[in-house]
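Inspection log for the structure reproduced underneath, given as structure tokens.
The values are calculated or read from the model by the stated rules, or taken from the named source; none is laboratory data. No experiment lies behind these values; they were computed from the predicted model shown. We place every Cβ from the backbone using ideal geometry, glycine too, and count neighbours over all the protein chains shown.
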Amino acid sequence: MRRMWLVGMPGAGKTTVGRAVATQLGVEFTDTDELVESMVGRSIATIWSEDGESIFREFETIVVSGLGDVTGVISSGGGAILEPRNRAVMSGMVVWLEARPDTIASRLDGNSNRPLLAGVMVDRIVETLTAREALYASIADHRVSTDTVTIDEVVSEVVSLWPG
């Protein structure tokens, strides 16, 4: 089946790269976070603040479980790999988009004038990545760094991995 899952931390580039890869390949692009928002009718941030992470993860699992037969490029939420049922659905090719914690922090924060926040953010990212790293590694067929390359270079590398 011609399907590619993109996994990795928030800020690694899954959605941006996924859209561009799907466009270049002429295949469908699916983003699990967008599907959750559509299903629930609220933003991810609102779901987290009003319902908490566990409810968001339940919604995410409902969405991922419905993607077993979808073809094309699928961008998963950064924590989707935490749920064994989600990992079981991630068949086809899985590409782990990797980025260093400081890169992720700068992408998520978008403001280098707040070093105190960035420091706290980097610590939290390191903690989260440490908790997830073995799971990403366990399902990834390929690892692609998004740190010191352009988006076009990442897209080109991911496109080259497409089966067929």
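Looking at the stretch 46-55, is at least one residue surrounded by 14 or more Cβ atoms within 10 Å (Cβ to Cβ) and without any contact (Cβ under 8 Å) to a residue 12 or more places away in the chain?
Step one: filter the stretch 46-55 for residues surrounded by 14 or more Cβ atoms within 10 Å (Cβ to Cβ), giving 47, 51.
Still in the running and without any contact (Cβ under 8 Å) to a residue 12 or more places away in the chain: 51.
Yes, the stretch 46-55 has at least one match.
In the stretch 79-102, which residue that is more than 13 Å from Thr130 (Cα to Cα) and in a loop (DSSP other than H, G, I, E, B) is nearest to the chain's Cα centre (by Cα)?
Initially, the stretch 79-102 is screened for residues more than 13 Å from Thr130 (Cα to Cα), giving 80-81, 83-97, 102.
From what is left, the residues that are in a loop (DSSP other than H, G, I, E, B) are 83, 90-92.
Values: Glu83: 14, Met90: 12, Ser91: 15, Gly92: 16 Å.
My answer is Met90.
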Item to check | Candidate set: the stretch 1-40, residues that are touching a strand residue (DSSP E or B) at 6+ places or on another chain (Cβ under 7 Å), free of Cβ contacts under 8 Å to residues at least 60 places away in the same chain and small (Gly, Ala, Ser); chosen: the one surrounded by the most Cβ atoms within 10 Å (Cβ to Cβ) | outcome: Gly18
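Assess whether Val27 counts as being assigned to a loop (DSSP other than H, G, I, E, B), modelled with pLDDT of 90 or more and either within 21 Å of Tyr136 (Cα to Cα) or not basic (Lys, Arg) (or both). Before you say what the answer is, go through the steps one by one.
Numbers: assigned to a loop (DSSP other than H, G, I, E, B): yes; modelled with pLDDT of 90 or more: yes; either within 21 Å of Tyr136 (Cα to Cα) or not basic (Lys, Arg) (or both): yes.
So Val27 fits the description; yes.
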Checklist entry - Which residues, taken from the stretch 66-78, are surrounded by 19 or more Cβ atoms within 10 Å (Cβ to Cβ) and either of a type in the set (Asp, Glu) or not in a loop (DSSP other than H, G, I, E, B) (or both)? => result Val73, Ile74, Ser75
Checklist entry - When only residues in the stretch 121-146 that are more than 17 Å from Ser75 (Cα to Cα), hydrophobic (A, V, I, L, M, F, W, C) and surrounded by 13 or more Cβ atoms within 10 Å (Cβ to Cβ) count, which is modelled with the lowest pLDDT? => result Met121
Checklist outcome for this item: For the stretch 149-163, pairs from a residue that is in contact (Cβ under 8 Å) with a residue 60 or more places away in the chain and assigned to a helix (DSSP H, G or I) to a residue that is surrounded by 13 or more Cβ atoms within 10 Å (Cβ to Cβ) and aromatic (Phe, Trp, Tyr), with Cβ under 7 Å and 6 or more apart or across chains, are none
